[in-house]
Amino acid sequence: MPATSADATVQDSAPADGDSNPTVDASTDAEPADSAASFALCDGTIDPSLKACASAADCTVQTHKIGCCGAILYVGIARSSVAAFTQCEGAWAAHFPACGCFSDAKSTEDGKCLGNACPPSDAAPPTPGASPQVQCVGSGEIGSCRTFLP
């Protein structure tokens with residue numbers, strides 16, 4: 001499958017009101033996102049099934065916290081899996097202690113950095129104002145959503 005890409009709006013997966021205890025629809029048997037059982041399944045890795053796609057239109061950009069100081073990795077997630085990712089990411093982000101540090105580091109899955117916290121490198125810096133993009137990459141019928149900077 002050739003790679004396809006699309007512009008995407010970055011969606012923060014943390015609860016909008018800063019509540020670290022998101023609620024779960026009572027009509028399901030799911031536990032709250034910050035419960036021990038839920039957290040055991042949300043260890044900071046992203047299950048490949050949450051990234052499955054057939055085209056870039058199936059993908060969206062989400063934020064994934066990668067440290068207690070606030071560093072962010074923009075990840076490609078299948079639109080159909082956003083709710084599951086958001087629940088798991090909420091549990092993951094809530095487990096970090098208050099470190100007392102701040103990081104403006106933001107990167108995409110292709111390894112490129114954006115923002116003021118990019119380490120010096122020999123690579124050309126991203127275009128000023130560049131936003132993370134998402135594409136569906138892979139071979140066969142099923143691809144994987146992946147973020148990149150143009």
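Read the figures in this text as sums done on the coordinates, not as results from a lab. Because the structure is a prediction, the values reported are computed rather than measured.
A simple rule links phi to the HN-Hα coupling: the Karplus curve 6.51 cos²θ - 1.76 cosθ + 1.60 with θ = phi - 60°, which for region 96-108 gives 6, x, 6, 7, x, 10, 9, 10, 9, 5, 9, 9, 10 Hz, with x for Gly and Pro. Amide H contacts under 5 Å for A105: I72, restricted to partners 5 or more places along the chain or on a different chain, H placed in the peptide plane at 1.01 Å from N.
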